[in-house]
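The values are calculated or read from the model by the stated rules, or taken from the named source; none is laboratory data. In this text, all values refer to a predicted model and were calculated from it rather than measured experimentally. Counting neighbours? That spans all protein chains shown, and the Cβs are built from the backbone with ideal geometry, glycine included.
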Amino acid sequence: MFALEPGSTGPALALWSKDLVHAYGALRGVVVMSPHWMARGAAVMINPRPKTWHDFGGFAPELYQLQYPAPGSTPLGLEVLGLLQQAGIAAQADPERALDHGAWVPLMHLFPGADVPVVQVALPVDAGPKEVLALGRALRGLRDSGVLLVGSGSMTHNLNEFFGGERVPLPYVLEFSRWVEAALQRGDVAALLDYRAQAPHAVRAHPSEDHFLPLFFALGAAGDAAAPEYLSREVMHGILAMDAFALQAVGAPT
């Protein structure tokens, strides 16, 4: 429902993207990892015209009317594929992949004009934090050629506790989110990789890891010593931490 209920996070993403383009010029593309594309091994979208996939059920009818007609980019997709393979990561191209809601919903806020080419990278089903970090590291060089790398997920994502009416964030949601923020500020990659054991309430915040792992994709792309610029610390419905941040490598532009 983030597409229809942007809260304060949606406008924050829109403002940040405008500042980004103003400072650095037009982007060549966006490479995004979403928790809603999981594949047996690394995979890369090379579809030049990806459809908007409404990969969910039981929501408001107007949500299914939304379209995000951003183009894909076969050349950028093949470039991503080549970089992964050069890094020794087995990867394959997917010429038919559509944009799932883990990609197009945040991109609607970041680039509402749908005018920036989008390439998705799959989250391998058997990957853990170290493997996802390696995927991001393999693509780090794209940042220097006008490509924005995005990890899309949720800072907390326990839908078993979703009741829809909560107004006040549950304490564990804040404790987990602020632990992650502190680790990012310290550049403590070792602690983040071991978050399942070290972070407070980690298993409660993420009964499964899929919505947290894309953080490591962004961290790998930015560099291990990347400093976070927080755009939002909003919590929706008491349990969904919508933390949004840009990772800036030390001594380098965002």
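In segment 117-164, what residues are touching a helix residue (DSSP H, G or I) at 6+ places or on another chain (Cβ under 6 Å), among the basic types (Lys, Arg) and under 19 Å from Leu78 (Cβ atoms)?
Arg140
Can you name every residue in segment 206-254 that is modelled with pLDDT under 95, assigned to a loop (DSSP other than H, G, I, E, B) and within 21 Å of Ala14 (Cα to Cα)?
If the condition is that a residue be modelled with pLDDT under 95, assigned to a loop (DSSP other than H, G, I, E, B) and within 21 Å of Ala14 (Cα to Cα), then Pro253, Thr254 are the ones that fit.
Would you check if there is a residue in segment 157-177 being assigned to a helix (DSSP H, G or I), under 25 Å from Lys18 (Cβ atoms) and under 18 Å from the mean Cα position of the chain (by Cα)?
No, the conditions are met nowhere in segment 157-177.
Of the residues that sit in segment 55-82 and are over 13 Å from Ala93 (Cβ atoms) and in contact with a helix residue (DSSP H, G or I) (Cβ under 8 Å, 6 or more places away or on another chain), which one is surrounded by the most Cβ atoms within 10 Å (Cβ to Cβ)?
That would be Ala70.
With the structure loaded, tell me whether Glu79 is in contact (Cβ under 8 Å) with a residue 60 or more places away in the chain, part of a helix (DSSP H, G or I) and either touching a Gly at 6+ places or on another chain (Cβ under 9 Å) or of a type in the set (Asp, Glu) (or both) or whether it fails that test.
Answer is yes for this residue.
Among the residues that make up segment 46-54, is at least one of them of a type in the set (D, E, K, R), touching a residue at least 24 places away in the same chain (Cβ under 8 Å) and either surrounded by 14 or more Cβ atoms within 10 Å (Cβ to Cβ) or part of a strand (DSSP E or B) (or both)?
Within segment 46-54 (the criterion being of a type in the set (D, E, K, R), touching a residue at least 24 places away in the same chain (Cβ under 8 Å) and either surrounded by 14 or more Cβ atoms within 10 Å (Cβ to Cβ) or part of a strand (DSSP E or B) (or both)), the answer is yes, since at least one residue qualifies.
Would you check if there is a residue in segment 128-138 being out of contact with any strand residue (DSSP E or B) (no Cβ under 6 Å at 6 or more places or on another chain) and either without any contact (Cβ under 8 Å) to a residue 60 or more places away in the chain or not in a helix (DSSP H, G or I) (or both)?
yes
Filter segment 94-109 for residues that are part of a helix (DSSP H, G or I) and over 12 Å from the mean Cα position of the chain (by Cα); which is surrounded by the fewest Cβ atoms within 10 Å (Cβ to Cβ)?
Checking each candidate, the answer is His109.
Determine, yes or no, whether Pro200 is in a loop (DSSP other than H, G, I, E, B), touching a Phe, Trp or Tyr at 6+ places or on another chain (Cβ under 9 Å) and not charged (D, E, K, R).
So Pro200 passes the test.
Just to check your reading of the model, which residue among Leu149, Leu123, Leu192 is touching a residue at least 12 places away in the same chain (Cβ under 8 Å), assigned to a helix (DSSP H, G or I) and within 30 Å of Gln85 (Cβ to Cβ)?
So the residue among Leu149, Leu123, Leu192 that is touching a residue at least 12 places away in the same chain (Cβ under 8 Å), assigned to a helix (DSSP H, G or I) and within 30 Å of Gln85 (Cβ to Cβ) is Leu192.
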